[in-house]
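Below is one structure, written out as structure tokens; the observations come after it.
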Amino acid sequence: MDSADSGGPDAAASSVSLLGPAEIRDLAGLLDLTPTKKLGQNFVIDANTVRKIVRVAKVEPGDTVVEIGPGLGSLTLGLLEAGAAVVAVEIDGRLAAQLPVTVSQLAPDARLTVVHDDALRILSLPDEPTRLVANLPYNVSVPVLLHFLEHFPSIRSGVVMVQAEVGHRLAAEPGSKVYGSPSVKAAWYGSWRTAGQVSRQVFWPVPNVDSVLVGFERVGSGLDTEELRVRTFEIVDAAFQQRRKMLRQSLSVVLGDSQNAARTLEAAGLPPTERGEQLTVHDFLAIAKASLG
Ligand code: SAM
């Protein structure tokens, strides 16, 4: 992991300029950058969208925000404008190297630390973040979110921009058509809500999917111990791999056979004929507890 710091520890953002289409074009030209789909590189070119994300996330002076995938710095500058200290984790070496330069020009007094690494591998950060705010790379948005919630308990809340389907899934309640494994796993850590659509036109290049904002508030430190989290998530994965099947069948893979599965479900106070899409995260936790005896 490489990291670079810009601005002293007592620095606060004074005047900050945000990036628009012309600045994004210039920066991309300077870096000879062709955005890649593989890394989900769709950069925000609209300052109003950036300020909306920062407002919805309730970022305040004194916050330490972790941003995953800062790209050319559109959202980073908005976070710095609000007076937050930012730790930005970027996998693309050219972008990670350019960001402190851009920030030193457009937000000279701001406090930014850039970590050049894969967000999925990060286990420690130079500062303890209290919020997570990001326009996430779409192909890894759920694993990245779950990874950060698991490894950084100091993160109490956040707002992320994700592909619309993923956002609705994260915030879905039991019984909804889109309720699935990401919904239950996200609910382990706290409460989730969708917080507005985002036009495709605010990105360069324009993506071929719609985006939404999703906000979360962490509740406690997760529902239970790490052992029970791992077991609960195994059971959740099995339940949604065969979501049309009754739980006594879908869970037979992880609970022995269908008879054992039925016994465990009864011990957890749940009908073995139920389907995973009806269960809350608390129900899945009860099954995990019953399965461990
Ligand atoms: N935040 C910028 C914005 O709003 O304009 C860029 C957002 S773009 C959707 C996603 C960014 O995440 C890109 O800069 C990409 O290089 C970066 N990225 C992709 N995969 C990553 C990973 N595994 N770890 C860290 N950054 C990643």
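The values are calculated or read from the model by the stated rules, or taken from the named source; none is laboratory data. Quick caveat, the model's predicted, so the values are computed rather than measured. When we count neighbours, we look across all protein chains shown, and the Cβ atoms used for this are built from the backbone with ideal geometry, even at glycine. Accessible surface areas use protein heavy atoms only, side chains included; no ligands, DNA or RNA. Shrake-Rupley method; radii C 1.70, N 1.55, O 1.52, S 1.80 Å.
What the table shows:
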| quantity | calculated |
| --- | --- |
| Near pairs, Cβ below 9 angstrom, 6+ apart or cross-chain, from the stretch 167-195 (outside the structural domain of E234 (by TED's automatic domain parsing) and closer than 13 Å to T280 by Cβ) to any residue that is in a strand (DSSP E or B) and open to solvent by 10 Å² or more (accessible area, probe 1.4 Å) | A172/W192; S183/W192; A186/W192; W188/G222; S191/E217; S191/R218 |
| Options D237, D210: the member that is among the acidic types (D, E), open to solvent by 20 Å² or more (accessible area, probe 1.4 Å) and assigned by TED's automatic domain parsing to the domain that holds S252 | D237 |
| Any chance L132 is within 24 Å of L170 (Cα to Cα), more than 8 Å from the ligand (Cβ to nearest atom), in contact (Cβ under 8 Å) with a residue 40 or more places away in the chain and touching a strand residue (DSSP E or B) at 6+ places or on another chain (Cβ under 9 Å) | yes |
| Close pairs (9 angstrom Cβ cut-off, 6 or more residues apart or separate chains): among the acidic types (D, E) in the stretch 22-41, at pLDDT 95 or above anywhere | E23/I45; E23/L72; E23/S74; E23/T102; E23/L106; D32/R94 |
| Test: residue in the stretch 166-178 that is of a type in the set (G, A, S) and under 25 Å from G71 (Cβ atoms) | yes |
| A96 vs. criteria modelled with pLDDT of 95 or more, within 9 Å of the ligand (Cβ to nearest atom), under 15 Å from the mean Cα position of the chain (by Cα) and open to solvent by less than 30 Å² (accessible area, probe 1.4 Å) | no |
| Any chance D127 is more than 12 Å from the ligand (Cβ to nearest atom) and surrounded by fewer than 22 Cβ atoms within 10 Å (Cβ to Cβ) | yes |
| Candidates V144, V101, V56 - the one that is out of contact with any Lys or Arg (no Cβ under 6 Å at 6 or more places or on another chain), within 13 Å of the ligand (Cβ to nearest atom) and either touching a residue at least 12 places away in the same chain (Cβ under 8 Å) or assigned by TED's automatic domain parsing to the domain that holds R25 (or both) | V144 |
